[in-house]
Protein chains: 2
Amino acid sequence: MLGNFTYCNPTRLHFGDDALEHLAEELKLYGENVLLTYGGGSIKKSGLYDDVMQILQDCGKHVTELPGVMPNPTVEKLYEGCKLAREQKIDLILAVGGGSVCDYAKALSVSAYCEEDPWEKYYLRMEDVDNAIIPVGCILTMVGTGSEMNGGAVITNHDTKQKIGHVFGENVFPKFSILNPVYTFTLPKYQMVAGFYDILNHITEQYFSGTDDCTSDYVMEGLMRSLIHSARIAVKNPEDYEARSNIMWIATWALNTMVAKGKTTDWMVHMIGQSVGAYTDATHGMTLSAVSMAYYRHIMPYGLAKFKRFAIQVWDIDPTGKTDEEIASAGLNAMEAWMREIGLVMRIGELGVTEDMLEGIADGSFIMTGGYKVLTHEEIVEILKESM
Amino acid sequence: MLGNFTYCNPTRLHFGDDALEHLAEELKLYGENVLLTYGGGSIKKSGLYDDVMQILQDCGKHVTELPGVMPNPTVEKLYEGCKLAREQKIDLILAVGGGSVCDYAKALSVSAYCEEDPWEKYYLRMEDVDNAIIPVGCILTMVGTGSEMNGGAVITNHDTKQKIGHVFGENVFPKFSILNPVYTFTLPKYQMVAGFYDILNHITEQYFSGTDDCTSDYVMEGLMRSLIHSARIAVKNPEDYEARSNIMWIATWALNTMVAKGKTTDWMVHMIGQSVGAYTDATHGMTLSAVSMAYYRHIMPYGLAKFKRFAIQVWDIDPTGKTDEEIASAGLNAMEAWMREIGLVMRIGELGVTEDMLEGIADGSFIMTGGYKVLTHEEIVEILKESM
């Protein structure tokens with residue numbers, strides 16, 4: 001059953017090992033003042049920085065650099081970018097990096113000309129954008145977040161220990177994204193597999209909701225099967241282009257809003273994981289993996305039919321001679337085994353969480369209502385304890 | 001393995017039983033001269049014509065009507081529309097109907113200001129569009145073709161017995177499409193199931209190609225599973241909103257260019273089926289169903305691994321104790337049983353094809369090279385004979 005919706009996703013994707021060749025044609029569509037934003041020095045080491053700067057110069061752009069975007073971009077960094085973007089009359093924000101850099105670019109694009117505190121307006125009050133927006137383009141070096149083809153932009157406030165995502169409308173989506181799987185080859189394994197789990201969890205957040213028959217669930221089963229297969233190959237050989245290109249494409253489609261259209265969704269693992277991230281600054285995908293098994297085992301009885309289907313369709317569990325509970329449990333066991341196989345962090349204790357933080361993390365977890373069970377504060381604390 | 005590609009699909013979809021409420025906001029984006037094009041009288045009987053006219057009037061539009069678009073729109077009808085669109089200085093072509101009407105609207109949008117014969121330029125020579133394009137919006141009353149979210153536009157020339165599809169670029173895609181599953185309830189069963197098979201065949205044309213590991217194949221397996229399930233429900237109860245809404249969404253995603261990106265494709269059933277259509281004017285989906293089983297059984301040995309996978313993943317064939325050939329054949333048998341169950345035409349003889357036409361139909365079938373076997377003329381004749 002599909003509910004009513006409007007779908008539009010105008011981002012132009014250039015995909016493949018020649019994707020950067022399309023940058024010049026995209027740059028021609030915008031004015032001369034480009035804000036180039038990126039994280040640490042990895043794009044300098046890989047040579048991508050030099051390649052991009054050369055194209056920008058060849059296109060006659062005036063480039064302002066804004067490096068140092070951190071893995072969980074902070075509200076202070078956002079304010080710094082706003083000042084710079086206004087001063088330099090920026091025409092295009094070009095983000096080179098992973099999901100954090102893309103998220104940051106989008107947050108900046110709506111915040112630069114916001115007449116009040118953008119954190120309060122767009123994150124605490126979640127208001128619609130009513131000011132000028134600076135267009136964004138992305139060159140992706142890490143996959144997972146899907147930020148290259150959606151309006152999501154997560155910002156962290158360390159003072160208040162809040163990590164909040166605003167999903168902006170299609171006018172904030174990147175105008176273009178350059179996706180070259182080769183750029184993801186050099187990522188350290190920890191970040192690589194964290195990204196893989198972020199992808200799987202984006203899908204499960206949208207899959208584990210609803211009791212109706214919905215095409216998107218079938219599509220998501222296909223995306224998950226492909227991800228599970230390709231991730232196993234990529235952890236053994238990170239330079240397997242076939243596996244990395246499939247994973248890059250799955251990441252985009254897992255969160256480009258398509259599979260969620262017309263259906264209910266959960267997102268509770270992200271809410272708890274993001275709160276863990278606000279307390280520990282741990283890698284996003286690992287905060288999700290570390291709370292997932294406790295969460296899914298907790299809600300399994302409330303969505304048993306879907307967990308049974310997940311076991312059979314995604315993990316090839318043979319249902320013969322098993323009860324529904326046994327089939328569903330076998331599916332989650334298979335998922336856990338895959339998570340351990342690819343090297344995910346399975347305990348929040350390993351991410352720096354201590355017992356005294358648990359109440360605060362639970363307090364910081366927004367409670368979503370689309371999943372199989374609306375959690376109480378006590379249940380979140382219980383899930384966190386089981387994840388220690 | 002994903003090849004290199006650029007993907008952009010800017011069509012805005014309004015989906016659901018309230019979708020028509022979005023028409024006024026779309027109309028505001030265009031000038032006052034609207035060409036309203038549709039087929040026979042079915043939209044008058046259903047009341048949709050009156051609803052649309054009321055909204056057009058409320059928005060202050062000057063409406064020119066162009067009814068009588070036939071199931072396989074002809075080149076003569078195209079010329080008629082070109083003259084009218086130029087004379088009336090049309091700002092927006094609004095297509096109300098099924099895939100043929102949407103296809104016609106797109107063909108017209110690129111042809112109206114073509115300075116030479118558009119049939120020769122865009123169909124016989126397949127050139128790129130270099131003239132002004134009139135924007136198109138669609139209100140869909142029948143699903144199958146995917147025309148509501150792509151650049152495809154098939155035109156038929158009865159004089160030369162040619163039925164040719166040109167897939168235009170994203171600037172020709174509908175600017176918006178209104179998809180209300182309820183509008184599809186009143187379609188006669190013959191047209192409804194022909195549309196269902198058109199959808200399945202769009203997917204199989206893209207699925208049965210390549211020996212690599214490609215995410216799109218997993219996604220297509222999901223789309224096919226959902227279609228097979230929902231079609232069985234819809235033939236028993238055409239007013240089952242859940243089934244009809246799922247099918248409408250599958251149809252769109254089957255041919256909105258996503259699943260073909262970065263992969264090879266076949267399209268040989270469409271080539272043979274379209275040639276059958278040029279000779280008989282039969283319903284598009286039925287020309288596909290009537291040649292499919294002979295075609296797929298013919299190519300099965302050349303793509304055995306994929307046909308085996310199709311059997312297991314799409315049709316739940318138990319592989320235990322069977323050879324690869326037996327598994328693959330069991331999958332095709334299951335497909336044939338489903339086709340008969342939903343009431344498809346399985347023989348081209350029933351569509352008016354006679355023995356003396358076979359050589360001509362084979363001559364009119366473009367030979368595509370992306371499938372598991374590049375067919376010879378003799379093989380096409382053989383497939384047609386087996387389909388009689």
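Each value in this text was obtained by applying a stated rule to the coordinates, not by laboratory testing. It should be emphasised that the depicted structure is a prediction, and the values quoted were computed from it without experimental measurement. No Cβ is skipped: glycine too gets one built from the backbone with ideal geometry, and neighbour counts run over all protein chains shown.
So the values come out like this:
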item: Test: residue in the range B:248-270 that is without any contact (Cβ under 8 Å) to a residue 24 or more places away in the chain and of a type outside the set (A, V, I, L, M); result: no
item: Matching residues, the range B:54-66, being in contact (Cβ under 8 Å) with a residue 12 or more places away in the chain and either β-branched (Val, Ile, Thr) or surrounded by fewer than 16 Cβ atoms within 10 Å (Cβ to Cβ) (or both); result: B:Ile55, B:Asp58, B:Gly60, B:His62, B:Val63, B:Thr64, B:Glu65
item: Residue within the range A:28-35 that is farther than 24 Å from A:Val143 by Cβ, in contact (Cβ under 8 Å) with a residue 40 or more places away in the chain and within 14 Å of another protein chain (Cβ to nearest Cβ) present; result: yes
item: Only listed residue being surrounded by fewer than 20 Cβ atoms within 10 Å (Cβ to Cβ), out of contact with any strand residue (DSSP E or B) (no Cβ under 9 Å at 6 or more places or on another chain) and of a type in the set (Phe, Trp, Tyr), chosen from A:Tyr79, A:Tyr49; result: A:Tyr79
item: Matching helices (runs of 4 or more DSSP H) fully within the range A:169-269 where at least 1 residues are facing another protein chain (nearest Cβ under 10 Å) and within 17 Å of the chain's Cα centre (by Cα); result: A:215-236, A:241-254
item: Set B:Ala290, B:Ala305, B:Ala282: member being among the hydrophobic types (A, V, I, L, M, F, W, C), within 21 Å of the chain's Cα centre (by Cα) and part of a helix (DSSP H, G or I); result: B:Ala290
item: Index of the failed condition, B:Thr64 passing every other in (1) closer than 25 Å to B:Asn256 by Cβ; (2) in a strand (DSSP E or B); result: (1)
item: Condition met for A:Ile43 (assigned to a loop (DSSP other than H, G, I, E, B) and either more than 14 Å from chain B (Cβ to nearest Cβ) or surrounded by 14 or more Cβ atoms within 10 Å (Cβ to Cβ) (or both)); result: no
item: Selection count, the range A:232-279, where residues are of a type in the set (S, T, N, Q) and farther than 23 Å from A:Cys102 by Cα; result: 3
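Here is a yes/no grid of residues against (1) within 18 Å of the chain's Cα centre (by Cα); (2) assigned to a helix (DSSP H, G or I):
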{"site": "B:Cys82", "(1), (2)": "no, yes"}
{"site": "B:Val96", "(1), (2)": "yes, no"}
{"site": "B:Val101", "(1), (2)": "yes, yes"}
{"site": "B:Glu116", "(1), (2)": "no, no"}
{"site": "B:Glu120", "(1), (2)": "no, yes"}
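Residue-wise test of (1) away from every other protein chain (no Cβ under 13 Å); (2) in contact with a Cys (Cβ under 8 Å, 6 or more places away or on another chain); (3) without any contact (Cβ under 8 Å) to a residue 12 or more places away in the chain; (4) not small (Gly, Ala, Ser).
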position	(1), (2), (3), (4)
A:Asn4	no, no, no, yes
A:Arg12	no, yes, no, yes
A:Asp17	no, no, no, yes
A:Glu25	no, no, yes, yes
A:Gly39	yes, no, no, no
